[in-house]
Amino acid sequence: MRIHLSIPALLLLAAAAAAADKIELLNVSYDPTRKLYEEINAAFAATWKAEHGQEVVIKQSHGGSGKQARSVIDGLPADVVTLALAYDIDAIAEKGRLLPTDWQKKLPDNSAPYTSTIVFLVRKGNPKGIKDWDDLVKPGVSVITPNPKTSGGARWNYLAAWAYALKHNGQDEAKAKAFVTALYQNVPVLDSAARGSTMTFIQRGIGDVAITWENEAFLASRDMDVGACEIVVPSLSILAEPAVAVVEKGAKKRGTLAIAQAYLEFLYTEQGQEIAAKNYYRPRLASVAAKHAANFPTLELVTIDAVFGGWKKAQEQHFADGGVFDEIYKP
Amino acid sequence: MPLLLLKKTVLPGFGITLGFSVLYLSLLVLIPLAALVLKASGLTWEQFWTTVTRPQVVASYKLSFGAAFIAASINIVFGLLVAWVLVRYRFPGRKIIDALVDLPFALPTAVAGIALTALYAPNGWIGQWLVPLGIKAVFTPLGVVIALTFISLPFVVRTVQPVLEDLGKEVEEAAASLGANRWAIFRRVIFPEIWPALLTGFALAFARAVGEYGSVVFISGNLPMKTEITPLLIISQLEQYRYAEATAIAVVMLGASFVLLFAINALQRWTTRRRAM
């Protein structure tokens with residue numbers, strides 16, 4: 001577990017040491033949200049100070065979503081969790097009993113203030129002519145995606161492919177399985193996490209196409225050698241809803257319940273949504289979404305609830321031991 | 001052996017130092033290991049058995065133990081060579097090479113994994129020459145062996161080095177004056193001396209390599225049934241919040257490692273005793 005203190009947070013920390021009236025929050029999040037929450041934290045701290053005259057220091061912890069959830073279950077004193085999958089927060093509710101099991105109803109939009117989706121990253125000029133999921137199962141196309149057994153992001157990738165295959169095969173599960181099997185036969189390496197997978201594609205130069213988070217793809221095509229790769233948006237993908245929740249039991253004990261709640265509600269405000277959009281997360285608020293519409297390509301987005309009956313069922317059927325994913329690799 | 005305990009030793013403080021050692025080892029090693037076994041015991045015997053004998057898990061044992069064995073074997077040959085060069089010859093830059101040997105100890109394993117993957121990838125410095133030869137290093141079991149060889153090298157060098165240093169030149173000279181050729185000197189004079197240290201080095205290197213995670217996951221490719229190491233499957237169980245199943249696999253790994261290390265120790269004691277006779 002890495003505790004990451006942003007520079008503004010450090011400065012605040014130093015300032016707060018002098019002021020008596022300060023409060024501390026720990027936000028346990030997953031890997032790609034580092035920059036997003038640095039900005040959110042600074043903005044929220046300023047708002048809170050203006051409204052309540054109280055100094056707030058928000059600490060961030062980042063890592064793989066599942067690992068972060070386990071840290072919270074094992075006692076990391078998180079006030080809020082902002083993770084990649086609702087499934088991971090469910091685990092905190094069920095195994096750790098740190099928040100009610102109906103936590104997802106506490107905030108609007110399934111407690112997911114921003115969304116993302118799964119898109120493709122291809123080599124410059126798209127030499128293999130990849131346009132949609134169908135192109136990923138063609139022989140000779142090498143696909144990069146992480147291992148869904150160890151990476152939350154990889155599960156979204158897998159489910160997006162499955163959803164596409166279902167739709168184009170008249171909801172036939174067997175055909176969807178054959179499609180996804182063919183896709184994974186084109187995968188030469190299953191990195192353990194999403195970040196490693198992006199690195200394999202961009203820095204190792206392995207693969208013709210990488211399946212990745214939309215926000216990661218934007219970051220990759222912006223930060224890395226400009227023009228080394230480009231984004232391809234498939235016709236259909238999955239609506240990824242990274243969820244947020246107050247870890248009520250711990251927050252109550254530390255007396256941070258109210259501010260933790262306010263912190264998460266801040267994500268839904270125009271300012272919070274604007275910051276999310278700037279960091280390539282799709283905003284929920286219609287007015288902000290409209291403003292950034294040009295940045296986010298339109299495509300058919302399906303939800304995990306509609307196609308798979310929720311995370312629990314998807315996990316059970318596809319990713320549990322002996323599930324569909326294991327069968328793909330059965331010799 | 002039990003008689004020895006009854007005999008008063010001349011050194012003072014036996015009771016308190018032994019007491020402390022036992023306490024220290026218990027806190028640091030035995031209690032965490034006991035917790036591991038306890039956690040795994042949450043499973044019924046049948047659940048335990050199906051968890052640890054799944055084909056995917058069995059394939060990973062073969063890879064983890066096999067690659068660790070190969071890596072440790074490579075290192076007893078080349079580690080000995082490195083130790084030999086460092087002890088027997090004086091040359092400029094010797095101190096630097098000596099310090100380099102410890103680098104795999106100091107380097108965070110993830111950094112090692114990323115560096116090795118970058119080197120051996122098809123577009124890497126070494127990889128670009130291997131691919132035309134038809135050798136695929138990254139994302140194959142070969143890559144796993146490379147990573148494990150890298151991280152376990154210092155164990156062999158550092159255990160053999162002091163023994164080589166203590167080995168007097170006089171015995172070799174005596175052997176030479178008695179008419180032994182160089183090979184005979186190595187085989188009959190030097191090798192028996194360093195053999196126990198080599199075995200220890202092998203055991204340490206092997207034990208380290210079996211449990212290695214950080215560097216391997218980058219270079220192995222993590223393909224089910226092909227290049228998944230056992231520690232990765234433990235992580236994949238944890239990702240499903242199946243703590244008991246994860247510890248079950250860990251217990252099997254631990255048991256197998258213990259048996260192997262015990263066997264190596266026994267072999268070592270047996271060969272030393274045989275020589276003493």
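Points to keep in mind about this one:
- Residue check for A:GLY272: under 30 Å from A:LEU98 (Cβ atoms), assigned by TED's automatic domain parsing to the domain that holds A:TYR158 and outside any loop (DSSP other than H, G, I, E, B): no
- Scan of segment B:42-68 for residues that are surrounded by fewer than 18 Cβ atoms within 10 Å (Cβ to Cβ) and of a type outside the set (D, E, K, R), ordered by number: B:GLY42, B:THR44, B:TRP45, B:GLN47, B:TRP49, B:THR50, B:THR53, B:PRO55, B:VAL58, B:GLY66
- Of all residues in segment A:51-80, those that are closer than 21 Å to A:PRO113 by Cβ and either among the aromatic types (Phe, Trp, Tyr) or over 22 Å from the mean Cα position of the chain (by Cα) (or both) total 2.
- In segment B:106-123, the residues that are facing chain A (nearest Cβ under 10 Å) reach residues that are small (Gly, Ala, Ser) and surrounded by 19 or more Cβ atoms within 10 Å (Cβ to Cβ) with C-beta atoms within less than 7 angstrom, at least six apart or across chains, in these pairs: B:ALA110/B:SER215; B:GLY113/B:ALA147; B:GLY113/B:SER215; B:ALA118/B:GLY124; B:TYR120/B:GLY127; B:TYR120/B:ALA137; B:TYR120/B:GLY143; B:ALA121/B:GLY127.
- Output for segment B:195-213, where each listed residue is outside any helix (DSSP H, G or I) and crowded, with 24+ Cβ neighbours inside 10 Å: B:GLU212
- Residue pairs meeting the criteria (Cβ under 7 Å; at least 6 apart or on separate chains; first under 12 Å from A:ASP321 (Cα atoms) and in contact (Cβ under 8 Å) with a residue 12 or more places away in the chain, in segment B:48-60; second in a helix (DSSP H, G or I) and of a type in the set (Asp, Glu)): B:THR51/B:GLU245; B:GLN56/A:ASP326
- The residues in segment A:272-314 that are in contact with a helix residue (DSSP H, G or I) (Cβ under 6 Å, 6 or more places away or on another chain) and within 14 Å of chain B (Cβ to nearest Cβ) can be counted, and the count is 2.
- Residue count, segment B:159-175 (criterion: touching a residue at least 24 places away in the same chain (Cβ under 8 Å), β-branched (Val, Ile, Thr) and over 14 Å from B:TRP195 (Cβ atoms)): 0
- Any hit, segment A:305-317, residues being within 27 Å of A:VAL232 (Cα to Cα), buried (at least 17 other Cβ atoms within 10 Å of the Cβ) and touching a strand residue (DSSP E or B) at 6+ places or on another chain (Cβ under 7 Å): no
- The residue of segment B:61-104 that is nearest to the other protein chains (Cβ to nearest Cβ), among those that are touching a residue at least 60 places away in the same chain (Cβ under 8 Å) and of a type in the set (Val, Ile, Thr), is B:ILE70.
- A:ALA182 meets all of the listed conditions (1) out of contact with any Leu (no Cβ under 8 Å at 6 or more places or on another chain); (2) farther than 24 Å from B:GLU228 by Cα; (3) away from chain B (no Cβ under 14 Å) but one, namely (2).
- Of all residues in segment B:172-183, those satisfying the criterion of being closer than 18 Å to B:ARG88 by Cα and surrounded by 10 or more Cβ atoms within 10 Å (Cβ to Cβ) are B:GLU172, B:GLU173, B:ALA174, B:ALA175, B:ALA176, B:ARG182.
- Taking segment B:214-277 as the region of interest, the helices (runs of 4 or more DSSP H) fully inside it that hold 2 or more residues being more than 11 Å from every other protein chain (Cβ to nearest Cβ) and more than 16 Å from B:ALA147 (Cα to Cα) are B:243-276.
- Filter result for A:GLN273 (modelled with pLDDT under 90, out of contact with any Gly (no Cβ under 9 Å at 6 or more places or on another chain) and under 19 Å from A:PRO32 (Cβ atoms)): no
- When every residue of segment A:120-137 is checked against the conditions, none turns out to be assigned to a strand (DSSP E or B) and under 17 Å from A:PHE319 (Cβ atoms).
- For segment B:1-120, the helices (runs of 4 or more DSSP H) that sit wholly inside it and include 2 or more residues that are under 29 Å from A:ILE206 (Cα atoms) and under 23 Å from the mean Cα position of the chain (by Cα) are B:55-88, B:103-106, B:109-120.
- Residues (within 13 Å of chain A (Cβ to nearest Cβ) and not in a helix (DSSP H, G or I)) located in segment B:127-136: B:LYS136
- Test for A:LYS149: is it more than 16 Å from A:PHE120 (Cα to Cα), away from every other protein chain (no Cβ under 11 Å) and either of a type in the set (Lys, Arg) or in contact with a His (Cβ under 7 Å, 6 or more places away or on another chain) (or both): no
The values are calculated or read from the model by the stated rules, or taken from the named source; none is laboratory data. Just so it is clear, the model here is predicted, and its values are computed rather than measured. Positions of Cβ are generated from backbone atoms using ideal geometry, with glycine treated the same way; all protein chains shown enter the neighbour counts.
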